[in-house]
Ligand SMILES: NC(=O)c1ccc[n+]([C@@H]2O[C@H](COP(=O)([O-])OP(=O)(O)OC[C@H]3O[C@@H](n4cnc5c(N)ncnc54)[C@H](OP(=O)(O)O)[C@@H]3O)[C@@H](O)[C@H]2O)c1
């Protein structure tokens, strides 16, 4: 495993973050408790120290499962991030959004489920158009001051919103967002227009979600819909990676380089993140120990600059996805 620093937090994290969206029973493709335990334990064996979850994943079950497994390890070594904005175990008006009430209540539930007194990083799971950002930041800052949260982060939003939030924190002396969890991978690079340069300039750690385009970059274009998860993505998720104009060409090039490097497509798509100086750690989502092992092995691949250019060359701009 390789380790790096998570933006301005100074925390050391593994260069792979394990995503918790697949822990739970919300969907057919997810892992139950025992299967999740096996995956998380293997991740720790492999040196992964960074975990991402959210109150919304399987209505809190993901946090419970992660907390249960991590209880058997030295928590001081591990970095756990969770999120708030979508409803957790219960769905009502005050379980959603980023009001002080929601943040305080949901943070208590998150800490209970994780069995932790302090969360390393608490991220807002998108912008809340109903609550002034000052209110949200004051509630988050109080959580930091009360010792419930160490750092705060954000996820998928417009760069101007993220910067506005950072300037409000600076102006009012409040905790500031130090991480950005955004949609960013070879087939979707809109973040490079504004969010990535902003994060680079402000020393914010970028931790991309869906780094393999929810599996699209892990197998040939025409085979995308061959898994239960992909069927779910095509039917329910709102990002049609497989229909973007350049996607099939990018997918072909990933496949071609996989052959050249004697690697899998997923490994090449991840190696692109590892070569990218703006990315701290992709959040890998998998339900398979074998795929997790492949992800870790991908750290050993060193893509040449010309191969990175080759993978990036076909990209064409697409509408912004992942947030409103
Ligand atoms: N902030 C947000 O709004 C947001 C949104 C979405 C996700 N997330 C976070 O990001 C994490 C990752 O998201 P994601 O699951 O969409 O990530 P992803 O890594 O882009 O996609 C996961 C998919 O890729 C497949 N895959 C992974 N490795 C593979 C390999 N070596 N070979 C073949 N297929 C492979 C997985 O199949 P297998 O299960 O068979 O391996 C799974 O279907 C989540 O767990 C969550 O923590 C955050």
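The values are calculated or read from the model by the stated rules, or taken from the named source; none is laboratory data. Small disclaimer: the values here were computed from a predicted structure and weren't measured. Glycine gets a Cβ as well: all are built from the backbone with ideal geometry, and neighbour counts include every protein chain shown.
Return yes or no: is residue 174 more than 15 Å from the ligand (Cβ to nearest atom), crowded, with 16+ Cβ neighbours inside 10 Å and either free of Cβ contacts under 8 Å to residues at least 12 places away in the same chain or over 21 Å from residue 30 (Cβ atoms) (or both)? Don't jump to the end; show me each part of the working.
On the way: more than 15 Å from the ligand (Cβ to nearest atom): yes; crowded, with 16+ Cβ neighbours inside 10 Å: yes; either free of Cβ contacts under 8 Å to residues at least 12 places away in the same chain or over 21 Å from residue 30 (Cβ atoms) (or both): yes.
In short, yes.
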For this session: Answer yes or no: is there a residue in segment 277-285 that is part of a helix (DSSP H, G or I), in contact (Cβ under 8 Å) with a residue 40 or more places away in the chain and over 20 Å from residue 224 (Cβ atoms).
Result: no
Problem set entry | Checklist (1) under 30 Å from residue 44 (Cβ atoms); (2) in a helix (DSSP H, G or I) applied to residue 262, failing item | (2)
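Being surrounded by fewer than 22 Cβ atoms within 10 Å (Cβ to Cβ), within 14 Å of the ligand (Cβ to nearest atom), at pLDDT 95 or above and not in a loop (DSSP other than H, G, I, E, B) narrows it down to one of 256, 297, 231, so name that one. First the steps, then the outcome.
Working: 256 fails: within 14 Å of the ligand (Cβ to nearest atom); 231 fails: at pLDDT 95 or above.
Being surrounded by fewer than 22 Cβ atoms within 10 Å (Cβ to Cβ), within 14 Å of the ligand (Cβ to nearest atom), at pLDDT 95 or above and not in a loop (DSSP other than H, G, I, E, B) holds for just one of 256, 297, 231, which is 297.
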Seminar exercise, completed: Only one of (1) free of Cβ contacts under 8 Å to residues at least 40 places away in the same chain; (2) within 11 Å of the ligand (Cβ to nearest atom); (3) more than 22 Å from residue 20 (Cα to Cα); (4) not in a loop (DSSP other than H, G, I, E, B) does not apply to residue 225, and that is (2)
Problem set entry | Residue check for residue 69: within 28 Å of residue 274 (Cβ to Cβ) and assigned to a strand (DSSP E or B) | no
Exercise. Within segment 1-56, how many residues are crowded, with 21+ Cβ neighbours inside 10 Å, assigned to a helix (DSSP H, G or I) and free of Cβ contacts under 8 Å to residues at least 40 places away in the same chain?
Worked result: 2
